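Report on one structure; see the data block that follows.
Just so you know, all these numbers are worked out from the coordinates, no wet-lab data involved. None of the values given here were measured: they were computed from a predicted structure. With ideal geometry, Cβ positions are generated from the backbone for all residues, glycine too; neighbour counts draw on all protein chains shown.
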Amino acid sequence: MIETVKAKIVQNNLTYFIETYGCQMNTHDSEKICGILESIGYCHAQSKKDADLILFNTCCIREHAEERLYGNIGALKRHKDKKPNAIIGVCGCMTQQKDTAEGLQKRFKFVDIVFGTNKIHMLPDMLHDVMIDGKRAAYTDEDASINEGVATKRKSNGSAYVNIIYGCNNYCTYCIVPYVRGAERSRKSADILREVKTLCSEGVKEITLLGQNVNSYGTDLQNDLSFPQLLREIDKQTDVKRLRFMTSHPKDLTDELLACYGDLPSLCEHIHLPVQSGSNSVLTRMNRRYTREHYIGLTEQLRARVPNISITTDIIVGFPGETEEEFSQTMDLAEQIGFDSAYTFVYSSRPGTAAADMSDHLDQDTKSERLARLNVVIKSSMRDKNSLYDGQIVKVLVDGARKRTDGEVGGRTRTAKTVNFLGETSDIGKIVNVRINKVKVHTLYGEKIGEEMTDA
Ligand code: SAH
Ligand code: SF4
Ligand code: F3S
């Protein structure tokens with residue numbers, strides 16, 4: 001059956017284009033989609049306008065992400081008018097929202113395929129439905145299986161994402177993720193270790209383990225490793241130079257995990273630890289299940305173990321009922337901790353979540369004004385933290401060319417700082433020494449002072 005589809009794709013030199021929204025989960029899902037499409041003969045299109053298959057991998061974490069997407073899907077009608085054989089597909093988190101998949105196909109008659117995050121491996125069957133049977137396809141029903149061995153096409157820049165746990169059981173009251181990504185399911189540690197080993201043998205130096213709450217890793221498995229044990233095994237059994245993970249929840253950051261810092265050579269001196277709010281009453285309403293004091297304690301312990309650790313976070317302002325006093329607690333926490341960087345968001349109401357039904361939603365002006373005030377504090381700590389790097393020599397894993405300046409390439413330090421410098425495209429995928437000579441809020445600049453480093 002797949003052979004018929006493959007033959008058609010190869011004979012007609014068909015091309016694909018994917019537009020990806022949202023978080024690293026979606027970025028990595030798109031790598032799997034690329035892998036599957038290329039395994040059945042598709043080539044990557046130079047531009048969207050030439051593509052025979054266009055896929056939108058969607059996100060619904062905030063309302064504005066969703067609105068933007070509807071606009072962009074609408075714009076594809078012209079593509080279909082010009083290229084009637086083109087196939088249009090929508091996948092990702094948005095399609096897993098209640099009634100959304102049917103709504104999408106009703107509203108946009110030219111959308112041929114709609115599929116959820118657990119159906120990626122069935123893409124060849126869906127293409128068969130459309131190309132051979134002339135049907136539209138919708139594959140979005142609940143399915144909690146884990147599909148191992150899916151062809152994956154990663155960008156070859158020395159670093160790679162590896163899923164360790166899917167879904168989320170935390171139900172923070174503002175968040176749509178547990179509804180669209182389902183319950184927590186961990187991959188077997190043997191499968192993860194095998195994947196990491198293969199990637200290292202292919203030259204990958206940096207691995208980022210992915211999960212909505214990596215600390216829950218293994219709790220749904222029998223006789224397997226916990227998250228800290230998994231980190232230790234990866235460090236011990238593989239050649240990975242830099243090990244990272246996203247995202248860990250402050251309520252589950254155990255002593256066992258803290259003990260990995262400063263102990264495992266590959267574990268990077270960086271943690272992304274979303275705090276969301278500095279007010280205990282807001283944290284309770286968010287169902288985060290930790291206090292501001294607990295969070296501050298964690299950052300102190302991390303800094304005691306690894307003095308140069310960089311700590312980044314996510315913060316939501318304008319949660320329902322957030323008073324000026326509660327907001328000032330967030331400002332105060334941000335000043336006290338001094339984050340290396342933070343993603344700051346205005347609360348966005350998501351239908352079906354507990355917070356959507358709470359009273360006292362704030363008006364847009366108040367929310368935007370608080371966001372602007374918080375961003376001033378964050379920017380200032382980013383500048384302070386970055387200025388510590390001035391004059392220092394850092395090791396940069398080079399991930400690509402920078403488009404703005406000719407000959408400029410860039411990458412990241414172990415502490416997740418972006419560093420740009422004049423280099424060669426042959427530096428991409430390597431770890432090089434760079435002396436920092438200019439610091440800005442988002443980026444460090446410097447000059448290369450050595451060839452590839454063997455250490456990380
Ligand atoms: N699993 C991760 C976060 C995933 S979503 C964690 O638990 O930390 C990424 C970020 O989006 C969240 O940390 C939160 O800051 C933000 N976010 C999630 N839902 C939101 C909403 N309804 N409105 C505004 N920001 C939201
Ligand atoms: Fe959302 Fe909370 Fe789960 Fe993170 S831990 S994905 S914020 S419900
Ligand atoms: Fe968005 Fe889904 Fe990630 S909703 S933030 S793409 S898990």
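What the table shows:
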| read-out | value |
| --- | --- |
| Within the chain: Cβ-based charge dipole about Cα centre, in debye rounded to nearest 20 (Lys, Arg +1; Asp, Glu -1) | 1140 debye |
| Two-site label geometry, ALA354 and GLU233: point separation in nm, points 7 Å out along Cα→Cβ | 3.3 nm |
| The range 303-388, dipole about Cα centre (Lys/Arg Cβ +1, Asp/Glu Cβ -1), debye to the nearest 20 | 600 debye |
| Longest to shortest principal axis, alpha-carbon extents of the range 309-405, angstrom | 52, 29, 23 |
| Cα gyration tensor, the range 19-116 - rounded (a/c under 1.5), prolate or oblate | oblate |
| Loop sites in the range 160-193: chymotrypsin sites (Phe, Trp or Tyr not before Pro), DSSP, at most 13 other Cβ within 10 Å | TYR171 |
| Two-decimal log10 I(q)/I(0) for the range 393-452, as the Debye equation yields it once each C-alpha is a single scatterer, q = 0.14, 0.30 Å⁻¹ | -0.28, -1.44 |
| Cysteines without a disulfide-compatible neighbour (Cβ-Cβ under 4.7 Å), the chain | CYS23, CYS34, CYS43, CYS59, CYS60, CYS91, CYS93, CYS168, CYS200, CYS260, CYS268 |
| Added length on full extension, which subtracts the Cα-Cα distance from 0.36 nm per residue, ASP363 to THR219 | 47.8 nm |
| Loop-located trypsin sites (Lys or Arg not before Pro) in the range 164-231, at most 16 other Cβ atoms within 10 Å (DSSP) | LYS188 |
| Charge dipole (the range 303-388, unit charges on Cβ, about Cα centre) - positive-most of SER310, PHE327, ALA342 | SER310 |
| Radius 14 Å from Cβ of HIS79, net charge of other residues (Lys, Arg +1; Asp, Glu -1) | +3 |
| Rounded to whole Å, sorted largest first: equivalent-ellipsoid semi-axes of the chain, Cα gyration tensor | 35, 29, 23 |
| Among the listed pairs LYS48/LYS155; LYS49/LYS106; LYS153/LYS395; LYS8/LYS32; LYS49/LYS430, those beyond 30 Å (Cα-Cα) | LYS49/LYS430 |
| Where labels lie 7 Å past Cα in the beta-carbon direction, separation of THR284 and LYS98 in nm | 2.8 nm |
| Pair GLU67, GLU293: separation of 7 Å Cα→Cβ label points (nm) | 4.1 nm |
